[in-house]
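Heads up, the thing below is written out as structure tokens.
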Amino acid sequence: MSDTYYNPKDLKNFKNISEWSAPLGEAFFSYYQKVFEEGALSAREKSLIALAVSHVVKCPYCIDAYTQDALKRGIDEEEMMEAVHAGAAIEAGATLVHAVQMMNKHDKLSL
């Protein structure tokens, strides 16, 4: 039995998702590759965004992959952590802004 739900070895097998649905897998990987090409944003900037989003969506495979990618692109520890904090701040803000709904509901029901 595994000590974790996530097996780090599974990251290497991500490419195999096309086996059960070649058209969808191929379409995804084509899109994925296109997204991370140099464009208006550099591949380095996209790597930092991906690292931050990986933490927000809490994907250990993505965190692993984009930490490695960041290191290959010369992104330092401070830049990585700042990107993660930017993602965390947005996630926290998105949670807290929903408190406005709670406050509105409270005020409506408390009349």
Practice prompt. Inspect all residues belonging to the stretch 77-93 and state whether any of them is outside any helix (DSSP H, G or I) and either outside the structural domain of F14 (by TED's automatic domain parsing) or on the phi < 0 side of the Ramachandran plot (or both).
Written response: no
Item to complete: Could you tell me whether the stretch 17-31 includes any residue that is at pLDDT below 95 and out of contact with any Asp or Glu (no Cβ under 8 Å at 6 or more places or on another chain)?
Response: yes
Practice prompt. Restrict the check to the stretch 97-111 and report whether at least one residue is among the hydroxyl-bearing types (S, T, Y), more than 25 Å from D10 (Cα to Cα) and assigned to a loop (DSSP other than H, G, I, E, B).
Written response: yes
Worksheet entry | Residues located in the stretch 26-48, provided they are surrounded by fewer than 15 Cβ atoms within 10 Å (Cβ to Cβ), out of contact with any Lys or Arg (no Cβ under 8 Å at 6 or more places or on another chain) and closer than 18 Å to Q68 by Cβ | Y32, Q33, S42
Item to complete: Please indicate, with yes or no, whether at least one residue in the stretch 16-25 is within 20 Å of L71 (Cβ to Cβ) and either in the same structural domain as R73 (by TED's automatic domain parsing) or out of contact with any Pro (no Cβ under 7 Å at 6 or more places or on another chain) (or both).
Response: no
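The values are calculated or read from the model by the stated rules, or taken from the named source; none is laboratory data. Remember, predicted model here, so these are calculated numbers, not experimental data. Every residue, glycine as well, gets a Cβ built from its backbone with ideal geometry; the counts of neighbours run over all protein chains shown.
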